[in-house]
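The values are calculated or read from the model by the stated rules, or taken from the named source; none is laboratory data. What you see is a predicted model; the values in this text were computed from it and never measured. Please note: Cβ atoms are built from the backbone with ideal geometry, for glycine as well, and neighbour counts cover all protein chains shown.
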Amino acid sequence: MEIARELLSESELKPLPDPDKLGFGIYFSDHMFVMDYHEDRKWHSPRIIPYQDFSLDPASVALHYGQAIFEGLKAYRCGDGNIRLFRAMDNMKRLNRSAWRMCMPQVNENDLLGAIKELVRIERRWIPEARGTSLYIRPFMIASEAFLGVRPSREYILSVILSPVGAYYAEGFNPVKIYVSDKFVRAARGGVGEAKTAGNYAASLMASEEAKELGFTQVLWLDGAERRYVEEVGTMNIFFVLDGVLVTPALSGSILPGITRDSVLKLAADWGIKTEERAIAIDEVTEAASSGRLSECFGSGTAAVISPVGSLYYKGKNYEINNCQTGELAHRLFDELTAMQYGEREDRFGWIDIL
Ligand SMILES: *Cc1c(COP(=O)(O)O)cnc(C)c1O
């Protein structure tokens, strides 16, 4: 794929933000990748251009019917001077699975990864240096045809934007307080929960606002049919250590197949820890928490890597886990995954791309 380049001159570049105040998703780099799709022409005009607004017809399908998908991965500036990506090809494959589910066109995974690498190389000054910080990469696709009938759009825009992000745990691990929602659900089997599609996040806002109002950090989602089985926590996958076994909900169709989730399962198995992917009833979790059989609970996702859960609030009762302290396995997984991402461990699984 031949990518056209329209780059800013040195004097037109933005000043870099204060590296101590990056936060998440606030600042955007100087350039972006864009390509267009038309049913007849297929994907065309790949280009790296200055970061700018899109021009969208007000009738664009994405704005009305939500044909919109995204991905999230990171570029890490490493101590050895290299830039690394973690399991990036898996993000490309998942983008295509989301596209398939939402009746959107497939992209060439190698071409898109190549474009991302080229963009990151051009924008390398935007990758912050401090351990734990990174350059967040947001590929996304939106339906751009101007048409108000309900059918798949015939035109799309695929874009990649970059945002420098701060360390999630600048002040060390802070186990989160979780609210188990038995009123709202995130997704239902047969729906679009396993696709990284925009509407899933709109659908999640009400419950997370409610949880925040009540003083909790995030929502633990139960299944849509019975509100009985654990699904995800916030926008992360969830793990429990039950009787020494690492357990996570099986991918039933309503759960996002997290790449961090998969990495956790592979690492734990490699360490000789027994793992299970199965249905986990919330009653099993609360009973195990009460009887001391639940030693750890944590979320997994690209943003936080591992997010320890300190307590669960369900039906008027609060269940503390490991005295609200980060568990041993959560710590070990976080250390191992971040060491791989920053190039401090041998890449035993072939997960790393060096730019
Ligand atoms: C992105 C996402 C995850 C985590 O996926 P990773 O590939 O590990 O970053 C989990 N759940 C939801 C709902 C997500 O959107």
Which condition breaks for S291 when tested against (1) out of contact with any Phe, Trp or Tyr (no Cβ under 9 Å at 6 or more places or on another chain); (2) within 16 Å of the ligand (Cβ to nearest atom); (3) polar (S, T, N, Q)? (2)
Residue match in segment 292-309 (condition: at pLDDT below 95 and over 17 Å from N237 (Cα atoms)): yes
Across segment 253-285, what is the number of residues that are touching a Gly at 6+ places or on another chain (Cβ under 9 Å), surrounded by 20 or more Cβ atoms within 10 Å (Cβ to Cβ) and not in a helix (DSSP H, G or I)? 4
Note on segment 148-168: residues in a loop (DSSP other than H, G, I, E, B), over 19 Å from G199 (Cα atoms) and touching a Ser or Thr at 6+ places or on another chain (Cβ under 9 Å) are G166, A167, Y168
Do any strands (runs of 3 or more DSSP E) entirely within segment 203-243 hold 3 or more residues that are touching a residue at least 40 places away in the same chain (Cβ under 8 Å) and within 11 Å of the ligand (Cβ to nearest atom), and if so, which? 230-233, 236-242
Collect the residues in segment 175-185 that are in contact with a strand residue (DSSP E or B) (Cβ under 8 Å, 6 or more places away or on another chain), at pLDDT below 95 and outside any strand (DSSP E or B), keeping them in residue-number order. P175, D182
Looking only at strands (runs of 3 or more DSSP E) that fall completely inside segment 1-77, which ones have 1 or more residues that are over 15 Å from E118 (Cα atoms) and under 23 Å from the mean Cα position of the chain (by Cα)? 68-70, 73-77
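Can K266 be described as in contact (Cβ under 8 Å) with a residue 40 or more places away in the chain, closer than 24 Å to Q341 by Cα and either away from the ligand (no atom under 16 Å from the Cβ) or over 16 Å from the mean Cα position of the chain (by Cα) (or both)? If you could, list the steps in order and put the result at the bottom.
Numbers: in contact (Cβ under 8 Å) with a residue 40 or more places away in the chain: yes; closer than 24 Å to Q341 by Cα: yes; either away from the ligand (no atom under 16 Å from the Cβ) or over 16 Å from the mean Cα position of the chain (by Cα) (or both): yes.
It is true that K266 is in contact (Cβ under 8 Å) with a residue 40 or more places away in the chain, closer than 24 Å to Q341 by Cα and either away from the ligand (no atom under 16 Å from the Cβ) or over 16 Å from the mean Cα position of the chain (by Cα) (or both).
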Scanning segment 45-100 for residues that are among the hydroxyl-bearing types (S, T, Y) and within 16 Å of the ligand (Cβ to nearest atom), which turns out surrounded by the most Cβ atoms within 10 Å (Cβ to Cβ)? Y76
As an exercise: evaluate M1 against (1) modelled with pLDDT of 95 or more; (2) touching an Asp or Glu at 6+ places or on another chain (Cβ under 9 Å) and give the number of the one condition it does not meet. (1)
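Pull up segment 118-138, narrow it to residues that are in a loop (DSSP other than H, G, I, E, B) and not polar (S, T, N, Q), then point me to the one that is nearest to D18 (Cα to Cα). Walk me through how you get there before you give the answer.
Filtering segment 118-138 for residues in a loop (DSSP other than H, G, I, E, B) gives 123, 127-133.
When the remaining residues are screened for being not polar (S, T, N, Q), the result is 123, 127-132.
On the way: E123: 17, I127: 12, P128: 10, E129: 12, A130: 12, R131: 15, G132: 15 Å.
If we take residues in segment 118-138 being in a loop (DSSP other than H, G, I, E, B) and not polar (S, T, N, Q), then P128 is nearest to D18 (Cα to Cα).
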Going by the structure shown, is S300 surrounded by fewer than 23 Cβ atoms within 10 Å (Cβ to Cβ), of a type in the set (S, T, N, Q) and within 16 Å of the ligand (Cβ to nearest atom)? no
A115 versus (1) hydrophobic (A, V, I, L, M, F, W, C); (2) touching a Phe, Trp or Tyr at 6+ places or on another chain (Cβ under 6 Å); (3) outside any helix (DSSP H, G or I); (4) crowded, with 21+ Cβ neighbours inside 10 Å: which is the lone unmet condition? (3)
Yes or no: segment 126-134 includes at least one residue that is away from the ligand (no atom under 16 Å from the Cβ), aromatic (F, W, Y) and in contact with a His (Cβ under 8 Å, 6 or more places away or on another chain). no
Would you mention how many residues in segment 78-103 are farther than 21 Å from S153 by Cβ, part of a loop (DSSP other than H, G, I, E, B) and either under 21 Å from the mean Cα position of the chain (by Cα) or of a type in the set (A, V, I, L, M, F, W, C) (or both)? 2
